[in-house]
1. Of the residues that sit in region 16-43 and are open to solvent by less than 60 Å² (accessible area, probe 1.4 Å) and in a loop (DSSP other than H, G, I, E, B), which one is nearest to Phe176 (Cα to Cα)?
2. Can we say Ala105 is open to solvent by less than 10 Å² (accessible area, probe 1.4 Å), away from ligand 2 (no atom under 13 Å from the Cβ) and either touching a Ser or Thr at 6+ places or on another chain (Cβ under 8 Å) or touching a residue at least 60 places away in the same chain (Cβ under 8 Å) (or both)?
3. Would you point out the residue of region 83-93, among those that are within 11 Å of ligand 1 (Cβ to nearest atom) and over 16 Å from Glu26 (Cβ atoms), that is modelled with the highest pLDDT?
4. Quick one: is Lys125 open to solvent by 10 Å² or more (accessible area, probe 1.4 Å), out of contact with any Phe, Trp or Tyr (no Cβ under 8 Å at 6 or more places or on another chain), charged (D, E, K, R) and within 15 Å of ligand 1 (Cβ to nearest atom)?
5. Every residue in region 226-268 that is surrounded by fewer than 17 Cβ atoms within 10 Å (Cβ to Cβ), touching a residue at least 12 places away in the same chain (Cβ under 8 Å) and part of a loop (DSSP other than H, G, I, E, B), please.
6. Select, from Arg155, Arg115, Arg100, Arg135, the only residue that is touching a residue at least 40 places away in the same chain (Cβ under 8 Å), open to solvent by 50 Å² or more (accessible area, probe 1.4 Å) and under 17 Å from the mean Cα position of the chain (by Cα).
7. Of all the residues that make up region 168-186, how many are farther than 22 Å from Asp110 by Cβ and touching a residue at least 40 places away in the same chain (Cβ under 8 Å)?
8. Can you tell me which residues in region 133-163 are assigned to a helix (DSSP H, G or I) and away from ligand 1 (no atom under 14 Å from the Cβ)?
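The values are calculated or read from the model by the stated rules, or taken from the named source; none is laboratory data. This is a predicted model, so every value here is computed, not measured. Positions of Cβ are generated from backbone atoms using ideal geometry, with glycine treated the same way; all protein chains shown enter the neighbour counts. The protein model used for the area step is the full one, side chains on, heavy atoms only, and it has no ligands, DNA or RNA in it. Shrake-Rupley method; radii C 1.70, N 1.55, O 1.52, S 1.80 Å.
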Amino acid sequence: MSGEAIQSNELTLSREDIVRLSERVEGAQTRAYAIPKLTDEYPAMTIADGYAVQTELRRRYLAAGHRLVGWKAGLTSKAKMQQMGVNVPSIGFLTDRMARPENSAISTADLVHPRVECEVAFVMKKDLHGPGCTREDVLDATDYVLPAVEIIDSRFSGFKFDLASVIADNGSSARFVGGGRARYVEELDLRTLGVVMEKNGEMVAMGASAAVLGHPAEAIAMLVNILADMGEHLPAGSFVMSGGITEAIPVKPGDSVIARFQELGSVSMRFV
Ligand code: OOG
Ligand code: MG
């Protein structure tokens, strides 16, 4: 990744390019095929360009009747940053169409190359506005937390991308499953929760929640501050995922996955 240009906050894409790229990403997401990363065609694409494409993508889905249910922080742990070769966190939006019930069979036919990751999810009881949102603000605005598994699916060939491209692809968001046991934040130390991911009965990943920016609420504060840059806020009632604690594990039809969280119970699903 060529650093500076890509990380700048300047918009380089024209309105036409933004619409074109959002249509390209939407096609790949809804028909489940891989595309080259967008920076192959637009090498000067910046983070701001990535968010402009993501915002247009969100507008298109909402216009088509999808409902916004929340947001996600991504690339918030060292394990994820190293796995994906980027060094700045990102955010993406979550819709009703991405939610799957706990214990359900999740189709892989409509996904490109899905991977699963364990996350702590927050449900908000107050609106949050940035800039300047802090971990304390987040904890005060949280109704409860619950364990979640995110099923990410980069639409880029080989799961290879840079920050501008992955932001345009809505942070690889595809499906998510919340479950386990909802808890009030006052009852927990959110930094020290251990998590273990099992695939087909074997442990494939483990970690502790502090992996996410030292404290998962820190990731939500960062998300609120990025939303503020985009002229948005985090409304009460939102479901928010704070980012993968461990690296993401590939899944295929026939796999069953269970994520066990200390204090929060477990979340399971199978893939067909
Ligand atoms: C980007 C999505 C990152 C997380 O929790 O870190 C993400 C990717 O790795 O494809 O959802
Ligand atoms: Mg994630």
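1. Ala32
2. no
3. Taking region 83-93 first, the residues within 11 Å of ligand 1 (Cβ to nearest atom) are 83-86, 89-92.
Next, only the ones that are over 16 Å from Glu26 (Cβ atoms) stay: 83-86, 89-91.
Numbers: Gln83: 89, Met84: 88, Gly85: 88, Val86: 88, Pro89: 91, Ser90: 95, Ile91: 98.
Top of the filtered list is Ile91.
4. Numbers: open to solvent by 10 Å² or more (accessible area, probe 1.4 Å): yes; out of contact with any Phe, Trp or Tyr (no Cβ under 8 Å at 6 or more places or on another chain): yes; charged (D, E, K, R): yes; within 15 Å of ligand 1 (Cβ to nearest atom): no.
Against the criterion (open to solvent by 10 Å² or more (accessible area, probe 1.4 Å), out of contact with any Phe, Trp or Tyr (no Cβ under 8 Å at 6 or more places or on another chain), charged (D, E, K, R) and within 15 Å of ligand 1 (Cβ to nearest atom)), Lys125 does not qualify.
5. Met230, His233, Pro235, Ala236, Gly237, Lys252, Pro253, Gly254, Gln262
6. That would be Arg100, the only listed residue that is touching a residue at least 40 places away in the same chain (Cβ under 8 Å), open to solvent by 50 Å² or more (accessible area, probe 1.4 Å) and under 17 Å from the mean Cα position of the chain (by Cα).
7. Residues that pass the stated criteria total 6.
8. The answer is Arg135, Glu136, Asp137, Val138, Leu139, Asp140, Ala141.
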